[in-house]
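What follows is a set of notes on a single structure, which appears directly below.
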Amino acid sequence: MKPSDLVKELAKGTIRPAYLLAGSEPLLRDDSLAAIRAAVLTGSADDWNLDRLSGDKTTPGALQDAVRALPVMAERRLVVLVEPERRRGSGAKALTDALADLVPELAAQRETVLVVVAAKADRRARWVKAFAEPAIRVECDAPTHRRSLVAFIRAEARQHDVALEDAAIELLADRIGPQLLMLRQEIAKVGLLVGEGEKVTARHVADASSSVADQPIWDLSLIHISEPTRLRR
């Protein structure tokens, strides 16, 4: 599932018992978590119904206690576990083994929603495989194709009520590349340059934004492209 599909599903009122937000793009992980939190925690007792656990400190027992606790004056509670494999050695294995057992258990109840956030999650790992229906994995990687990047820019512009001409979208994709947080910031910035009801043009983008897509970020990616400033079409 993509983050955009997650938002649509939550808007329809569908809340799953467990989510794995996996991928290298922190903006997509953060946005997905925020969407789930808004859907799950809707009452005045939210502070009592949110547990945020870190993989380098959490024990299997603490995770089990958090997941099995009942909500306080609310329909649901939310448990967020960040980077379950952060701890090295047997500690990480014990936690991920407990996680693998807990995820299927959550399917039989509605009181607790578990969200696991991980920059990397090996699909072969037992705890990752546990996020099968009705649980779900949300893919939070930055776009690797130009079409996906353009779609992200369009969606961001709509969210910020910024009207972008097609040429402006193309120039943002060229100049910023798949750096999603910077794209969000640039879209908001160029939106301030035009009056109400006006569209942002390529000239606005050229005047307001810097070209960063040809910087070493491309050398660190797994994208195989012939030109360093272009995504695959």
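The values are calculated or read from the model by the stated rules, or taken from the named source; none is laboratory data. Remember, predicted model here, so these are calculated numbers, not experimental data. In this analysis, Cβ positions are derived from the backbone assuming ideal geometry, glycine residues included, and neighbour counts consider all displayed protein chains. Side chains are part of the model used for accessible areas, which takes the heavy atoms of the whole protein and leaves out ligands, DNA and RNA. Shrake-Rupley method; radii C 1.70, N 1.55, O 1.52, S 1.80 Å.
Quick look at the numbers
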read-out	value
Top-ranked residue in the range 106-122 [being of a type in the set (D, E, K, R) and either out of contact with any helix residue (DSSP H, G or I) (no Cβ under 8 Å at 6 or more places or on another chain) or at pLDDT 95 or above (or both); ranked as most open to solvent (accessible area, probe 1.4 Å)]	K120
Check on R29, of a type in the set (K, R), within 21 Å of K120 (Cα to Cα) and over 16 Å from the mean Cα position of the chain (by Cα)	no
Subset of the range 157-187 (residues that are open to solvent by 30 Å² or more (accessible area, probe 1.4 Å), free of Cβ contacts under 8 Å to residues at least 24 places away in the same chain and more than 19 Å from L6 (Cα to Cα))	D166, Q185
Some residue of the range 143-156 being open to solvent by less than 70 Å² (accessible area, probe 1.4 Å), touching a helix residue (DSSP H, G or I) at 6+ places or on another chain (Cβ under 9 Å) and assigned to a loop (DSSP other than H, G, I, E, B)	yes
Only one of A121, A107 that is out of contact with any strand residue (DSSP E or B) (no Cβ under 6 Å at 6 or more places or on another chain) and either touching a residue at least 12 places away in the same chain (Cβ under 8 Å) or more than 16 Å from A66 (Cβ to Cβ) (or both)	A107
Scope the range 188-198; condition surrounded by 13 or more Cβ atoms within 10 Å (Cβ to Cβ) and part of a loop (DSSP other than H, G, I, E, B); matching residues	L193, V194
Count of the range 1-56 residues which are exposed (fewer than 14 other Cβ atoms within 10 Å of the Cβ), of a type in the set (D, E, K, R) and part of a loop (DSSP other than H, G, I, E, B)	1
E139 more than 17 Å from the chain's Cα centre (by Cα) and surrounded by 15 or more Cβ atoms within 10 Å (Cβ to Cβ)	no
Some residue of the range 164-178 being in a loop (DSSP other than H, G, I, E, B) and among the basic types (K, R)	no
Hits in the range 107-129 (condition: under 24 Å from S4 (Cβ atoms) and among the aliphatic types (A, V, I, L, M))	V113, L114, V115, V116, V117, A118, A119, A121, V128
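Yes/no per residue for (1) at pLDDT below 90; (2) at positive phi; (3) not hydrophobic (A, V, I, L, M, F, W, C):
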| site | (1), (2), (3) |
| --- | --- |
| A173 | no, no, no |
| L181 | no, no, no |
| E186 | no, no, yes |
| A206 | yes, no, no |
| I217 | yes, no, no |
| L220 | yes, no, no |
